[in-house]
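One structure is given below, encoded as structure tokens.
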Amino acid sequence: MSNIHLVRHGQAGTREAYDSLSSLGQQQAQLLGEYFLAQRLEFDVVYSGAMQRQLQTASAVKNVYDQAQVSFPPVTVDDQWNEFDLTDIYRELGPKLSEVDQEFRVEYEEMRLEVKQNLGVMDAKVHRQWRPCDTKMVDAWISGTFVYSGETWRQFQERICNRLQDLERLPPRANVLVSTSATPTGVLTGLALGISDARVRQLAGVLYNSSYTTLRLRDGRLQMFQFNAVPHLTTPELRTFR
């Protein structure tokens, strides 16, 4: 039985430059590394998606171990652990949904205006809140309401679930760390629990930045052991969702 620790990246940047950690995100990732080290967690294999926010999170954890001169495996970068591309989905499907949903169109235009007015303002609410238009946009992508030329929801799910093949080839009782994002974690947690697509999005939506979820893999089957854990984020201001 292998233990798979799925880590959501630390707090990211602003909406117009999301793929990098904020200073708070760096702190969250470092605190996670310090917590793992204090718990004497040793990892046999470490994976990271290829997105900068995922790599920076893995690097921050690794740096804690390196500074303490505690063994930490090299980080294997695998873009199959990447998050889906919300920016591209908005670019292609936003105009289509705007044509048929006036409420979405108004919310979407308000959000875009706020982003323009708060360029580079790290703590602006528009960068730190999941908006109703975000939910509608992702739901439209998941449902396949519109033709989309990029990665579909089904293709995304298949990509993430295929990662289990790599994990199944690891030695028994391997301790695995994966630096990834909210939705890959939601997909695999949903697989362990046997829940529907809509609930998978809800699982992803409640994940804290730098939280970890532990799944156990035995004979090709996943079991959930721990979900959305943040014992390293000891004060409210450290706990963020976006």
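Please say if region 1-45 is rounded, prolate or oblate, where rounded means a/c under 1.5 for a ≥ b ≥ c the square roots of the C-alpha gyration tensor eigenvalues, and otherwise the choice is prolate for a/b larger than b/c and oblate otherwise? Here region 1-45 falls in the oblate category. Note on region 109-235: with charges restricted to the Cβ of Lys and Arg (+1) and Asp and Glu (-1), its dipole about the Cα centre is near 300 debye. With Cα atoms defining each centre, region 17-94 and region 120-180 are spaced 15 Å apart in the structure.
Paramagnetic label reach from ALA198 (point 7 Å along Cα→Cβ; backbone nitrogen cut-off under 17 Å): within region 139-169, residues 139-145. Share of carbon and sulfur in the accessible area of region 163-232 stands at 46%, probe radius 1.4 Å. Divided by 2.2 N^0.38 Å, where N counts the residues, the Cα radius of gyration of region 61-182 comes to 1.41. Across region 82-97, computed HN-Hα scalar couplings (Karplus, 6.51 cos²θ - 1.76 cosθ + 1.60, θ = phi - 60°) run 5, 6, 5, 9, 5, 4, 5, 4, 4, 4, 8, 9, x, x, 5, 5 Hz from first to last residue, x flagging Gly and Pro.
What share of the DSSP beta bridges in the chain is antiparallel, in percent to the nearest 5? Mind dumping the intermediate values first?
On the way: 13 of 26 bridges.
Counting only bridges with both partners in the chain, antiparallel ones make up about 50 percent.
Computed over the Cα atoms of region 139-242, the ratio of the radius of gyration to the Kirkwood radius (Rg/Rh) comes to 0.99. Test of understanding: what is the full-extension gain from GLN226 to ALA68, defined as 0.36 nm times their sequence separation minus their Cα-Cα distance? Once the chain is fully extended between GLN226 and ALA68, it gains 54.2 nm. Over region 18-79, what portion of Cα pair distances is larger than 18 Å, expressed as a whole percent? Taking all Cα-Cα pairs of region 18-79, the fraction more than 18 Å apart is 31 percent.
The sum of -39500 (n - 2.57) across all DSSP H runs of n ≥ 4, divided by the residue count of the chain, sets its helix-only mean residue ellipticity at 222 nm to -15000 deg cm²/dmol. Taking 17 Å as the cut-off, the amide N atoms of region 172-204 that come nearer than this to a point 7 Å along the Cα-to-beta-carbon line of SER143 belong to 196-202. Taking 0.36 nm per intervening residue step and subtracting the Cα-Cα distance, what contour gain separates LEU113 from VAL77 on full extension? Contour length minus Cα-Cα distance gives 9.4 nm. Bridging of LYS96 to lysines at a Cα separation below 30 Å is possible for LYS116, LYS125, LYS136, once same-chain residues fewer than 8 apart are set aside.
Between LYS96 and VAL206, take the C-beta separation as r, use R0 = 25 Å, and let me know the FRET efficiency to the nearest 0.05. Mind dumping the intermediate values first?
Working: r = 28 Å, r/R0 = 1.13.
Once the sixth-power term is evaluated, E becomes 0.35.
Once R0 is set to 45 Å, what does the formula 1/(1 + (r/R0)^6) return for the Cβ-Cβ distance between ARG128 and ARG169, expressed as a FRET efficiency to the nearest 0.05? Efficiency, rounded to the nearest 0.05: 0.70. Placing dummy labels 7 Å off each Cα toward the beta-carbon, the span from ALA17 to ARG40 is 4.3 nm.
In the P(r) worked out for region 9-136, what percent of Cα pairs fall beyond 27 Å?
Details: 2746 of 8128 pairs.
Result: 34 percent of Cα pairs exceed 27 Å.
Given axes a ≥ b ≥ c from the Cα gyration tensor, I'd like to know whether region 85-155 is rounded (a/c under 1.5), prolate (a/b larger than b/c) or oblate. Since a/c reaches 1.5 and a/b is larger than b/c, the shape of region 85-155 is classed as prolate.
Relative intensity of the chain on a log10 scale, I(q)/I(0) at q = 0.07 Å⁻¹, equals -0.23, per a Debye sum over C-alpha point scatterers of equal strength in the absence of solvent.
The values are calculated or read from the model by the stated rules, or taken from the named source; none is laboratory data. Fair warning: this is a prediction, and the values are worked out from it, not measured in the lab. Quick reminder, even Gly has a Cβ in these numbers, built from the backbone with ideal geometry, and neighbours come from all protein chains shown. These accessible areas exclude ligands, DNA and RNA; they are computed on the full protein's heavy atoms, side chains included. Shrake-Rupley method; radii C 1.70, N 1.55, O 1.52, S 1.80 Å.
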